[in-house]
Amino acid sequence: MSAILRDQTVLVVGRGGGIARAVTLAVRDAGARVVVAGRDRDALDAAYDDPDISAETVDLTDEPSVASLAERLGQVDHVVSTASARARGRVADLTQEPLLRSLNTKVIGPIMLAKHFAARMPQHGSFVLFSGSSALKPAVGALGVAITNGAVDVLTRSLAVELAPIRVNAISPGTIDTGAWDGLGDEKKQEMFADRVARNPARRIGIAQDIGEAVLFALTNTFMTGVSLPIDGGEPLV
């Protein structure tokens with residue numbers, strides 16, 4: 001892969017595995033210096049052993065934590081926020097706490113990132129947020145996830161206008177096999193995957209690398225902004 005991000009610094013907020021890891025490795029392979037940040041810095045340090053990847057601590061639900069990270073890092077070229085806190089369940093079973101945590105992590109947190117990092121970014125800089133296919137195709141039991149993702153789509157367009165010429169885009173994944181579905185148990189997970197493979201036009205389940213490549217595209221396509229890019233195998237179409 002060409003070093004299209006050479007001499008640029010990319011902040012990736014999230015965990016040390018799954019989509020966040022795929023994004024981190026994709027931008028590193030494109031020549032970037034990468035700063036990974038999350039609540040558990042020790043876990044991030046353990047996840048990466050690379051001189052081009054450094055770890056920091058941040059809590060997206062705490063504005064002083066975001067402000068402190070911005071002060072420590074100074075100028076960065078791009079910010080990618082992969083963090084999420086899913087509020088799954090039917091309406092009758094939902095409570096305020098998981099709903100607020102979901103919105104705080106995936107919507108309010110990125111607003112705070114924009115507030116504290118945009119002024120430190122060059123004009124060629126960008127933000128990449130994360131939405132999801134449930135914003136387009138709601139399902140019973142996923143109301144909290146759907147409204148959070150829908151809010152991310154609106155936030156992406158709003159920030160793209162307000163922060164211009166800094167670009168703001170979102171990636172909207174469909175079903176991705178990152179381990180997030182392991183809690184269903186092997187049998188139910190495989191049943192769900194088989195059903196979605198049979199119905200979605202791509203006829204497969206996504207992998208983390210699909211998302212990492214999409215983020216790299218969003219970071220480097222300088223004529224794309226305000227877009228929620230579906231990487232979902234066409235799942236919402238059927």
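The values are calculated or read from the model by the stated rules, or taken from the named source; none is laboratory data. Just so it is clear, the model here is predicted, and its values are computed rather than measured. Positions of Cβ are generated from backbone atoms using ideal geometry, with glycine treated the same way; all protein chains shown enter the neighbour counts. Areas reflect the complete protein model, heavy atoms only, side chains present, ligands, DNA and RNA absent. Shrake-Rupley method; radii C 1.70, N 1.55, O 1.52, S 1.80 Å.
Worth pointing out:
- Condition check for A151 on (1) open to solvent by less than 20 Å² (accessible area, probe 1.4 Å); (2) of a type in the set (G, A, S); (3) within 16 Å of A85 (Cβ to Cβ): one failure, at (1).
- Tally of residues being under 19 Å from L73 (Cα atoms), part of a helix (DSSP H, G or I) and open to solvent by 60 Å² or more (accessible area, probe 1.4 Å) across region 14-59: 4
- Just one of the listed residues (V76, V66, V80) is under 18 Å from the mean Cα position of the chain (by Cα), β-branched (V, I, T) and assigned to a loop (DSSP other than H, G, I, E, B), namely V76.
- Pair list, Cβ < 6 Å and 6+ apart or interchain, from region 126-147 residues that are more than 27 Å from N221 (Cβ to Cβ) and in contact (Cβ under 8 Å) with a residue 12 or more places away in the chain to residues that are outside any loop (DSSP other than H, G, I, E, B) and open to solvent by less than 10 Å² (accessible area, probe 1.4 Å): G144/S102
- When residues of region 154-213 are limited to those that are among the basic types (K, R) and modelled with pLDDT of 95 or more, the one surrounded by the most Cβ atoms within 10 Å (Cβ to Cβ): R167
- Pairs where the first residue, in region 187-211, is polar (S, T, N, Q) and the second is open to solvent by less than 60 Å² (accessible area, probe 1.4 Å), C-beta under 8 Å, 6+ apart: N200/G174; N200/T175; N200/D232; N200/G233; N200/G234; N200/E235; Q209/A22; Q209/A26
- Scanning region 60-93 for residues that are crowded, with 17+ Cβ neighbours inside 10 Å and among the basic types (K, R) returns a single hit, R86.
- If the condition is being under 18 Å from L103 (Cβ atoms) and in contact with a strand residue (DSSP E or B) (Cβ under 7 Å, 6 or more places away or on another chain), then region 156-167 contributes T156, L159.
- Region 94-120, residues that are within 20 Å of the chain's Cα centre (by Cα) and open to solvent by 20 Å² or more (accessible area, probe 1.4 Å): P98, L99, L100, R101, L103, N104, K106, I108, I111, M112, K115, H116
- Residue in region 218-227 that is surrounded by fewer than 21 Cβ atoms within 10 Å (Cβ to Cβ) and free of Cβ contacts under 8 Å to residues at least 40 places away in the same chain present: yes
- Qualifying residue in region 148-170 (condition: under 23 Å from G16 (Cβ atoms), touching a residue at least 12 places away in the same chain (Cβ under 8 Å) and not in a helix (DSSP H, G or I)): yes
- The lone exception for G179 - which of (1) within 19 Å of the chain's Cα centre (by Cα); (2) not in a loop (DSSP other than H, G, I, E, B) it fails: (2)
- The lone criterion from (1) open to solvent by 10 Å² or more (accessible area, probe 1.4 Å); (2) under 25 Å from G174 (Cβ atoms) left unmet by I4 is number (2).
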